[in-house]
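Chemist: Here you go, one structure.
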Ligand SMILES: Cc1cc2nc3c(=O)[nH]c(=O)nc-3n(C[C@H](O)[C@H](O)[C@H](O)COP(=O)(O)OP(=O)(O)OC[C@H]3O[C@@H](n4cnc5c(N)ncnc54)[C@H](O)[C@@H]3O)c2cc1C
């Protein structure tokens, strides 16, 4: 048993520094342009693919780290560069994670490479679960999938909302309800292969932040996919539905665990945005002179920066703890995964707001990146479960009570 240590090992430090270099040299210089263009930054995705930062091998290597920290370290650095471009690069991983979590080994081999494409022609993938009437309340999903035994096909119809890479993806992973009366336990996930007729994306939605990342509604009109596109396979689904009909809860708990596992990685993204704003505000405060002295010499400014740094470090400890717990199969008895994303998301919002304040009028202008970080940070209290939903998870976990 190794001694307790918060030191990163050499491999982790190398990974962090390598991703930081890409974020600093490639992502950050391109950030303002792609934010203004509100377009998918394909050339940057291609650069990431060329150096091996975009692709299954990279994800597999980070997942392989027995401490669970590598994915968080690389996300923090990449999103320090820019969150919009970061999500354009990382968004595919949401679909890959769904295939990895629920698919069979054959399904992983067939679909994961198609999610990424290759360095010459990178592709993206989309994970589509939110619907216009089913956001936080995923159990009320209206998209339906029915099995056509004659052709061994699933027929999917419905509408998905706010899907990252929706409509431009090579592979869409779509959740649908098979037995609506079973709520989220009557749902399954399907791969919709490239070019399948009946799946259409809306135009790119206009957003407050993350503007380089493509977000769109997805319409599914009698979309037919082969039987093998049901993630996990039909036998497993039938057994799961039978268990759910009997009222057993195992699967619902398993789905909750999957969410808890992915939340630290999203928290790490929020940390990257917060750290970028903190570092920028610190440098600005040292250089900006008012009343004959740098503004950092005022406690009001210096204490704000001290709080920003403390909150970021505190959030990182929660993120690392949850990542370590997830990777080492520790039970999330107090919703520690949710805690990490909740804290990091709220810290990102607070820190970026303070950074704008420290820059004063300059903070409000597009000439400085803090206004973009301020806009980008807000997503972290909304997607992958809102702050309210994270509090529900923690409150239910610590109380054993069905809090509403
Ligand atoms: C940029 C972006 C990218 C996204 N990417 C994806 C994606 O790739 N795939 C995907 O499937 N989805 C994606 N989403 C959707 C995102 O996950 C949802 O927006 C989010 O889960 C919230 O759902 P909603 O917007 O319907 O809000 P609602 O569920 O309508 O919530 C509205 C408000 O009510 C609160 N609320 C709801 N229920 C409760 C309750 N029980 N107790 C207390 N408060 C409650 C919420 O916290 C929130 O403040 C994305 C969204 C955005 C904006």
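The values are calculated or read from the model by the stated rules, or taken from the named source; none is laboratory data. These numbers were taken from a predicted model, which means no experiment stands behind them. Here the Cβ is made from the backbone with ideal geometry for all residues, glycine too, and neighbour counts use every protein chain on show.
Chemist: For the condition under 23 Å from residue 170 (Cα atoms) and either in contact with a helix residue (DSSP H, G or I) (Cβ under 9 Å, 6 or more places away or on another chain) or crowded, with 23+ Cβ neighbours inside 10 Å (or both), what is the one hit in 225, 289, 273, 191?
Modeler: Unique residue meeting the criteria: 191.
Chemist: Another one. I'd like to know if segment 296-319 contains one or more residues that are within 15 Å of the ligand (Cβ to nearest atom) and on the phi < 0 side of the Ramachandran plot.
Modeler: no
So that you can scan it fast, the table gives a plain yes or no per residue for (1) surrounded by 21 or more Cβ atoms within 10 Å (Cβ to Cβ); (2) in contact with a strand residue (DSSP E or B) (Cβ under 6 Å, 6 or more places away or on another chain); (3) more than 23 Å from residue 260 (Cα to Cα):
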site	(1), (2), (3)
41	yes, no, yes
60	no, no, no
74	yes, no, no
103	yes, no, no
109	no, no, yes
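Chemist: So, one more: Give the number of residues within segment 38-86 that are under 22 Å from residue 372 (Cβ atoms), under 18 Å from the mean Cα position of the chain (by Cα) and in a helix (DSSP H, G or I).
Modeler: 14
Chemist: Run residue 243 past the list (1) under 29 Å from residue 172 (Cα atoms); (2) within 27 Å of the chain's Cα centre (by Cα) and report the number of the one that doesn't hold.
Modeler: Among (1) under 29 Å from residue 172 (Cα atoms); (2) within 27 Å of the chain's Cα centre (by Cα), residue 243 violates only (2).
Chemist: Continuing with the same structure: Residue check: is residue 323 within 13 Å of residue 265 (Cα to Cα) and in contact with a helix residue (DSSP H, G or I) (Cβ under 9 Å, 6 or more places away or on another chain)?
Modeler: The answer is yes for residue 323.
Chemist: While we're here: Can you spot a residue in segment 330-337 that is more than 30 Å from residue 62 (Cα to Cα) and either more than 16 Å from the ligand (Cβ to nearest atom) or modelled with pLDDT of 95 or more (or both)?
Modeler: So far as segment 330-337 goes, no, none of its residues is more than 30 Å from residue 62 (Cα to Cα) and either more than 16 Å from the ligand (Cβ to nearest atom) or modelled with pLDDT of 95 or more (or both).
Chemist: What do you reckon, is residue 164 crowded, with 23+ Cβ neighbours inside 10 Å, modelled with pLDDT of 95 or more and closer than 26 Å to residue 112 by Cβ?
Modeler: yes
Chemist: Here is a follow-up. Scan segment 64-79 and tell me whether some residue there is away from the ligand (no atom under 16 Å from the Cβ), without any contact (Cβ under 8 Å) to a residue 24 or more places away in the chain and not assigned by TED's automatic domain parsing to the domain that holds residue 206.
Modeler: Checked segment 64-79: at least one residue is away from the ligand (no atom under 16 Å from the Cβ), without any contact (Cβ under 8 Å) to a residue 24 or more places away in the chain and not assigned by TED's automatic domain parsing to the domain that holds residue 206.
Chemist: For segment 292-331, which positions are surrounded by fewer than 22 Cβ atoms within 10 Å (Cβ to Cβ) and more than 30 Å from residue 358 (Cβ to Cβ)?
Modeler: 324, 325, 327, 328, 329, 330, 331
Chemist: Another one. Among the numbered conditions (1) surrounded by fewer than 22 Cβ atoms within 10 Å (Cβ to Cβ); (2) outside any loop (DSSP other than H, G, I, E, B); (3) modelled with pLDDT of 95 or more; (4) within 12 Å of the ligand (Cβ to nearest atom), tell me where residue 173 comes up short.
Modeler: Single failed check for residue 173: (1).
Chemist: Could you run through segment 338-389 and say how many residues are within 16 Å of the ligand (Cβ to nearest atom), over 28 Å from residue 325 (Cα atoms) and surrounded by fewer than 21 Cβ atoms within 10 Å (Cβ to Cβ)?
Modeler: Count: 1.
Chemist: Does segment 125-133 contain at least one residue that is surrounded by fewer than 17 Cβ atoms within 10 Å (Cβ to Cβ) and either within 16 Å of the ligand (Cβ to nearest atom) or assigned to a loop (DSSP other than H, G, I, E, B) (or both)?
Modeler: Yes: segment 125-133 contains one or more residues that are surrounded by fewer than 17 Cβ atoms within 10 Å (Cβ to Cβ) and either within 16 Å of the ligand (Cβ to nearest atom) or assigned to a loop (DSSP other than H, G, I, E, B) (or both).
Chemist: I would also like to ask the following. If a residue must be within 10 Å of the ligand (Cβ to nearest atom) and under 21 Å from the mean Cα position of the chain (by Cα), how many such residues does segment 390-404 contain?
Modeler: Total meeting the criteria: 3.
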